[in-house]
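Worksheet: one structure, shown below.
The values are calculated or read from the model by the stated rules, or taken from the named source; none is laboratory data. Keep in mind the model is a prediction, meaning the values are calculated, not measured. Neighbour counts are summed over all protein chains in view; Cβ atoms, including those assigned to glycine, are modelled from backbone coordinates with ideal geometry. Note: accessible area is taken over every heavy atom of the protein model, side chains too, but ligands, DNA and RNA are not part of it. Shrake-Rupley method; radii C 1.70, N 1.55, O 1.52, S 1.80 Å.
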Amino acid sequence: MSVRFEFLGPLKAIVAGQEAVELEAGTVAQALEELNKTYDGLAQRLQEESGSLHRHINIYVNEEDIRLKENLQTTLAPGDVVTVISAIAGG
Amino acid sequence: MAPSARLVDESLDWYNRYARHITLDEVGESGQQVLGDTRVLIIGVGGLGSPVALYLAAAGVGTLGLVDDDLVSLNNLQRQILHGTSDVGRPKVDSALEALKHINPQVNIVTHQYRVTPRNVWELINEYDLVVDGSDNFATRFLINDVCVQAKKPLIFGAVLQFSGQVTAFTQEADSGCYRCLFPEAPDPRYATTCVEAGIFGVTTGIIGSLQAAEALKVILNDSGHQIGPTLKNRLLMYDGKDSSFRTIKLSKNPNCPVCSIPGFDFRKVTYVDNCAVGSPANEVAKLA
């Protein structure tokens, strides 16, 4: 059983508009590395050169903000739902 | 007309105008009176501020403060429905005032034709009971958040980009998170995308602004004992116009949030620099001191 990644709002374009992407990974960092192999530019949209998340990007594992967990080292289990959102400011 | 007859006429007008609210068990006559006694500040009368102001004026919120230093441009009219073609070149707060008085002359409209800054924001926000954020840049959004937390003013947040929107209610209750619990700091300007660059599907502002108006009314009524129902406190509602979907994400209060959790925060010690707004040079971001 794999992990389900959902990119919401403008970030959906990163995964060609797909509602969700399924993959297998042990941590959020590993999942991003895996996704970056398939989706060109994903790492630049989500991460700094150092590998840490851009500060306007939030990732939730089963609705829990990974900043309040182990950040990118947050572990993933089969069936987990990972949601990725971006801050927006237009009015 | 004799004064007593005029009072009777005004009273009948009041009942008639708000009849569909008063009929609701959750609002009633007392709820409508609460709305009439409430002062709401709308920061930005553009895409989001337009539907917010129109609905709050129609709903009979007693005083609406409108803050915007901008003039109406032709490219605003695709989504900023308070303003019309003949308003191009006029201050947005002036055309907004006219439109709102046309909808409901009973509402007191106060215009503030300037930009919200760290120097003027404290006095401004403290004149009102609730704040609605319809601004268009991160620095202003962080400033408004920080001051609302400090002044304990409920804040209704809304933002849009392309086909997407976000809305939530920061009620400032002890268990309520704030914008910095959601996003601790503004984006690096190298990565921030503005509506100018990315575009905005006009009706998105109508959807999100209407939701902001609904949240504002619910917070006001809930706070006065009229239990409408749960607000978006600690939930971020996200709208995607491409597939016509709504999602909510749990917004956890960060126990280490320097603004709403750690005592002693003062917005006056923070640097707020507009790095994403139209025409502004990219430089510093809104950093906590």
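Using 29 Å as the Cα-Cα cut-off, could you pick out the over-long pairs in A:37/B:253; B:233/B:269; A:12/B:233? Please report the intermediate quantities before stating the final value.
Values: A:37/B:253 34 Å; B:233/B:269 27 Å; A:12/B:233 25 Å.
Over 29 Å Cα-Cα: A:37/B:253.
Can you tell me the FRET efficiency between residue B:117 and residue B:6 if r is taken as the Cβ-Cβ distance and R0 is 45 Å, rounded to the nearest 0.05?
On the way: r = 43 Å, r/R0 = 0.96.
It comes out at approximately 0.55.
Which residues make up the longest stretch of chain B that has no trypsin sites (Lys or Arg not before Pro) in a DSSP loop with at most 10 other Cβ atoms within 10 Å? Intermediate values should be presented prior to the final figure.
Working: sites that count: B:119, B:152, B:190.
Segment B:1-118 is the longest.
Solvent-accessible area per residue in chain A equals 46 Å², computed with a 1.4 angstrom probe and all protein chains kept. Charge tally around residue B:247: other residues with Cβ under 12 Å, Lys/Arg +1 each, Asp/Glu -1 each, net -2.
Bridgeable aspartates and glutamates around residue B:92 (alpha carbons under 12 Å apart, same-chain partners fewer than 8 residues away excluded): B:68, B:69, B:70.
Whenever you get a sec, line up B:21, B:112, B:102 from highest to lowest accessible area (probe 1.4 Å, protein heavy atoms).
On the way: B:21 50, B:112 15, B:102 155 Å².
Order by accessible area, largest first: B:102, B:21, B:112.
Summarising the strand pairing of chain B, around 50 percent of its internal DSSP beta bridges are antiparallel.
Taking 16 Å as the straight-line reach from the Cα of residue B:250, the aspartates and glutamates in range (excluding those fewer than 8 positions away in the same chain) are A:6, A:63, A:64, A:65, A:80, B:175. Apply the a/c threshold of 1.5 to the C-alpha gyration tensor of the range B:25-269 and tell me whether it is rounded, prolate or oblate. Cα axes put the range B:25-269 in the rounded bin. Shown here for the range B:94-141: GluC sites (Glu not before Pro) in loop regions (DSSP other than H, G, I, E, B) with at most 15 other Cβ atoms within 10 Å, namely B:127. Note on the protein assembly as shown: antiparallel DSSP beta bridges, both residues inside, total approximately 60 percent of the bridges counted. Taken about its Cα centre, the protein assembly as shown carries a charge dipole of roughly 340 debye when the Cβ of each Lys and Arg holds +1 and the Cβ of each Asp and Glu holds -1.
If R0 is 25 Å, the Cβ-Cβ spacing of residue B:74 and residue B:190 corresponds to a FRET efficiency of close to 0.25.
Under a 5 Å amide H cut-off, with hydrogens placed 1.01 Å from N, residue B:178 pairs with B:254 among residues at least 5 apart or on other chains.
Report the gain in length on full extension from residue B:152 to residue B:224: 0.36 nm times residue separation, minus Cα-Cα distance, nm rounded to one decimal.
Working: separation 72, 0.36 × 72 = 25.92 nm, distance 1.60 nm.
The span from residue B:152 to residue B:224 would gain 24.3 nm if fully extended.
Kindly provide the chymotrypsin sites (Phe, Trp or Tyr not before Pro) of the range B:135-218 that DSSP labels as loop, not H, G, I, E or B, and whose Cβ sees at most 12 other Cβ atoms within 10 Å.
Listed in order of number, the matching sites amount to none.
Across the residues of B:71-78, average count of Cβ atoms on other protein chains within 10 Å? Could the numbers behind the result be given before it?
On the way: counts 0, 0, 0, 0, 0, 0, 0, 0.
Counting other chains' Cβ atoms within 10 Å and averaging over B:71-78 gives 0.
Using θ = phi - 60° in the Karplus curve 6.51 cos²θ - 1.76 cosθ + 1.60, the 3J(HN,Hα) couplings for the range B:255-265 round to x, 10, 4, x, 9, 9, 10, 8, x, x, 5 Hz; x is entered for Gly and Pro. Once B binds A, the 1.4 Å probe can no longer reach about 2600 Å² of accessible area, counting both sides. Cβ-Cβ distance of residue B:126 and residue A:4, R₀ of 41 Å, FRET efficiency by 1/(1 + (r/R0)^6): the value works out to about 0.35.
Here's the picture: charge each Lys and Arg Cβ at +1 and each Asp and Glu Cβ at -1 in chain B, and of B:132, B:163, B:261 the one pushed furthest to the positive end of that dipole is B:261. Once each part is reduced to its C-alpha centroid, what is the distance from the range B:1-24 to the range B:39-54 in angstrom? The distance from the Cα centre of the range B:1-24 to that of the range B:39-54 comes to 26 Å. The angle between the Cα long axis of helix B:92-103 and the longest principal axis of the Cα atoms of chain B comes to about 30 degrees, rounded to the nearest 10. Annotation for the range A:1-65 versus the range B:224-247: alpha-carbon center distance of 25 Å. Counting only the backbone N, which residues of the range A:1-31 are under 14 Å from the spot 7 Å out from the Cα of residue B:245 toward its beta-carbon? So the set is A:4-22.
With the charge dipole of the protein assembly as shown set up from +1 on Lys and Arg Cβ and -1 on Asp and Glu Cβ about the Cα centre, the Cα lying farthest toward the positive end among the listed residues B:237, B:219, B:208 is that of B:219.
Comparing the protein assembly as shown with the 2.2 N^0.38 Å rule of thumb, its C-alpha radius of gyration ratio is 1.03 (two decimals).
Restricting the GluC sites (Glu not before Pro) of chain A to loop positions (DSSP other than H, G, I, E, B) with no more than 15 neighbouring Cβ atoms within 10 Å leaves A:19, A:24, A:48, A:49, A:63, A:70.
For chain A, rounded, prolate or oblate, judged on the Cα gyration tensor with a ≥ b ≥ c (square roots of eigenvalues), a/c < 1.5 rounded, else prolate if a/b > b/c? Working shown, then result.
Numbers: a/c = 1.34, a/b = 1.20, b/c = 1.11.
Taking the square roots of the gyration eigenvalues as a ≥ b ≥ c, chain A is rounded.
Buried on complex formation within the range A:65-91 (loss of at least 10 square angstrom of accessible surface versus the isolated chain, 1.4 Å probe, ligands and nucleic acids ignored): A:65, A:67, A:68, A:83, A:85, A:86, A:87, A:88, A:89, A:90, A:91.
Of all aspartates and glutamates in the structure, those lying under 14 Å Cα to Cα from residue B:218, and not within fewer than 8 positions of it along the same chain, are B:25, B:26, B:129.
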